[in-house]
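Structure record follows, encoded as structure tokens.
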Amino acid sequence: MNVKNALAEKIAGEITLSPKPGLTLRKWRNIFRISQTDLANYLELSPSVISDYESGRRKSPGIQTVKKVIEAFIKIDDQRGGIILHQYDPIIKTREGILDIMEYPFAIDADVFIKTIEGHVVTQGKRGLKKKVKGFTLVDSIKTIENITPVDYAHLYGWTPERALIFTGIKFGRSPMIAVRIHPVKPSVVVYHRPGSIDPLAVVLADRENIPLVSTNLSLDELKQRLLRIGETES
């Protein structure tokens, strides 16, 4: 799958699955750095229509409208030199081990994020709980640690490092936290999904970095659903 198709599929999935699709549409419009006026002109609509969709004043756009909006994002970006598409290209190429990756329409308090996924904080420091979460990356721990290169590791952060890195398939949790420790870019939160156990060294490393290390025992399906719904209400 090429970058355009993969990105279009990702955006469509986020908008249609979002409890507030207008906010998600606005998020992606902002990511593409397209004004409401430019988008409206391309679609031959009034800017007020775009504003009404994004604010929720107008009924959520149907699938065909969403498709046209996404096509507009990509074609406008193409006309500008494909700046956003080029940024997304490395993420597509390093999908091995990445189960899901998403940006939120707005920043969410770390403690709210943790509560929503029924997370248990195993670190002692409290400063990290005041951080913001602007997205998440859910990864298969074994595939990621075994196959990803140091350069590719940065692509786990999507559009911003202010996100939750969520590792599933954890046995002891030492390797993922060591990888976080040695990389210069740091996430806001690290989550272990149903870990077999948590190595004390992982906790020490997380505390040194002021990163909340969290475990959750939700099923993978339930965790995914909560991660998708977490942007429903601004905190």
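Where a number appears in this text, it was derived from the coordinates with a stated rule and is not lab data. These numbers were taken from a predicted model, which means no experiment stands behind them. Cβ: placed from backbone, ideal geometry, glycine included. Neighbour counts: every protein chain shown.
Could you compute the FRET efficiency for residue 126 and residue 16, with r as their C-beta to C-beta distance and R0 at 45 Å, rounded to 0.05? Show your work: numbers first, answer last.
Details: r = 38 Å, r/R0 = 0.84.
That gives a FRET efficiency of 0.75.
In the chain, if the dipole is taken from +1 on Lys/Arg beta carbons and -1 on Asp/Glu beta carbons about the Cα centre, which of 166, 39, 117 is farthest to the positive end?
117
Counting Lys +1, Arg +1, Asp -1, Glu -1, what net charge surrounds residue 46 among other residues with beta carbon under 14 Å of its beta carbon?
Net local charge, residue 46 excluded: -2.
What's the longest bit of the chain with no exposed trypsin sites (Lys or Arg not before Pro), using DSSP loop states and at most 15 other Cβ atoms within 10 Å as the test?
Details: sites that count: 33, 57, 58, 59, 80, 95, 126, 171.
Between the exposed loop sites, the longest stretch runs 172-235.
So which GluC sites (Glu not before Pro) in segment 1-107 pass both tests, a DSSP loop state and at most 15 other Cβ atoms within 10 Å of the Cβ?
44, 96
Which is farthest toward the positive dipole end of segment 94-232 among 105, 128, 216, measuring Cα position about the Cα centre, with Cβ charges +1 (Lys, Arg) and -1 (Asp, Glu)?
Of the options given, the answer is 128.
Taking amide H atoms as placed 1.01 Å from N in the peptide plane, list the residues 5 or more away in sequence, or in a different chain, whose amide H sits under 5 Å from that of residue 133.
The answer is 108, 109, 110.
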